[in-house]
Structures are given as structure tokens and as C-alpha cells.
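Visitor: Quick one: this structure, given as C-alpha cells, is what I'll be asking you about.
The values are calculated or read from the model by the stated rules, or taken from the named source; none is laboratory data. This structure is a prediction, so every number in the text was calculated from the model and none was measured. Backbone-built Cβ (ideal geometry, glycine too); neighbour counts: all protein chains shown.
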Amino acid sequence: MRTLALRVQAYPSDLNPIGTVFGGWIMSMMDKAASIAVDDIIDAAAVTVGVTDLHFIKPVRNGDIISVYTTVTKIGNSSISIYVEVVVQCHKKYCDKRCEMPVTDATFTFVAISPQGEPISVASVLRSILHEDILALAKR
């Protein structure tokens, strides 16, 4: 299930010398959104262990409002994979209606950890109220 996890506007301090947003800034927003998605699933700490298939599709510019969507794609023994998609609202000067265009996407993988930093079973820390799509992934 695709969920809006984060919305933020790009500001001049987020821009590189050519006037577009730093790729690291976008990745940071994506990691935050993915961590929110993971926090909605488990009642434990989790750490990012990998990012795969990162695609920068279009540049993000000053003033752009980005929306970051997440979709839980896999729940393993100790890991959770989240597909993250970033879209930008079209500027009013470029279009008459509200539309969105994709700018970046990737898959983030997290591992649930104990207070001592050791991997733990996701099943042992699942939240009691979860959407049926998430429960189905957890049972696989």
C-alpha cells in the first residue's frame, strides 16, 4: 500500500552550485520517510543497511514541494524493505492543474535491532494493529 510519509519544500540552502537540490538531501528525505514507514510496523529500533536501485529521474529545484511515498515490499526475518518514491508538484507557472511528476526512487532495507544493536526478529516486534497488506507480508 502506497503511503504519503513526508512532504517538504526545497530551499536555497538545499541547492548545489548549479541550482538543483543535492542528491544527498533527497536521499536523506527518502531515508527519513522509509524510517517512518518502518516505525509504523515495528515497536523496536531499526537501522538502514542498504539502498538499491536509486534513480535520479529529474532535478528538484528551489521552491519545489516534494512528496515522499513509501510502500512496504518485503518483510524478512530481521529485515524490512521499503520502496520509496519522490514526486514534485508541478509549478503553477508550468501547468494549470495540480499534477505530480516523479523525480527519484529507490528501495531502502532496514534491519530491526535490539537495544544492544543486534539483529532481532521482525515478527517478535510487530505492532499490534497493522494493515492487512503488512500482515500478509509478515506471514510469508
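Visitor: Would you check which residues across the stretch 55-77 are among the charged types (D, E, K, R) and in a strand (DSSP E or B) and list them?
Guide: Across the stretch 55-77, the qualifying residues are 61, 74.
Visitor: Also, I was wondering about something else. Pairs needed: first member in the stretch 26-54, farther than 27 Å from residue 64 by Cβ; second member anywhere, loosely packed, with under 15 Cβ neighbours inside 10 Å; C-beta distance under 6 Å; at least 6 residues apart or different chains.
Guide: Close Cβ pairs (under 6 Å, with a partner that is loosely packed, with under 15 Cβ neighbours inside 10 Å) amount to 43/127.
Visitor: Can you tell me which residue in the stretch 57-67 is nearest to residue 6 (Cα to Cα), limited to those that are surrounded by 16 or more Cβ atoms within 10 Å (Cβ to Cβ) and not β-branched (Val, Ile, Thr)?
Guide: 67
Visitor: To continue, here is another question. Looking only at the stretch 1-55, filter to residues that are touching a Leu at 6+ places or on another chain (Cβ under 9 Å) and more than 26 Å from residue 127 (Cβ to Cβ); which one of those is surrounded by the most Cβ atoms within 10 Å (Cβ to Cβ)?
Guide: Once the filter is applied, the top-ranked residue is 21.
Visitor: Within the bounds of the stretch 85-101, is there any residue that is at pLDDT below 95 and of a type in the set (A, V, I, L, M)?
Guide: Yes, the stretch 85-101 has at least one match.
Visitor: With the structure loaded, tell me whether residue 106 is under 18 Å from the mean Cα position of the chain (by Cα), in contact (Cβ under 8 Å) with a residue 24 or more places away in the chain and more than 30 Å from residue 127 (Cα to Cα) or whether it fails that test.
Guide: Against the criterion (under 18 Å from the mean Cα position of the chain (by Cα), in contact (Cβ under 8 Å) with a residue 24 or more places away in the chain and more than 30 Å from residue 127 (Cα to Cα)), residue 106 does not qualify.
Visitor: Given 56, 108, which one is modelled with pLDDT of 95 or more, in contact with a Gly (Cβ under 8 Å, 6 or more places away or on another chain) and more than 30 Å from residue 136 (Cβ to Cβ)?
Guide: Every option except 56 fails the conditions.
Visitor: Picking from 112, 138, which residue would you name as being over 23 Å from residue 13 (Cβ atoms), assigned to a strand (DSSP E or B), in contact with a helix residue (DSSP H, G or I) (Cβ under 8 Å, 6 or more places away or on another chain) and not basic (Lys, Arg)?
Guide: Step by step, each of 112, 138 is checked, and only 112 is over 23 Å from residue 13 (Cβ atoms), assigned to a strand (DSSP E or B), in contact with a helix residue (DSSP H, G or I) (Cβ under 8 Å, 6 or more places away or on another chain) and not basic (Lys, Arg).
Visitor: Shifting gears a bit: Would you be able to tell me the number of residues in the stretch 124-140 that are surrounded by 14 or more Cβ atoms within 10 Å (Cβ to Cβ) and more than 23 Å from residue 52 (Cβ to Cβ)?
Guide: 3
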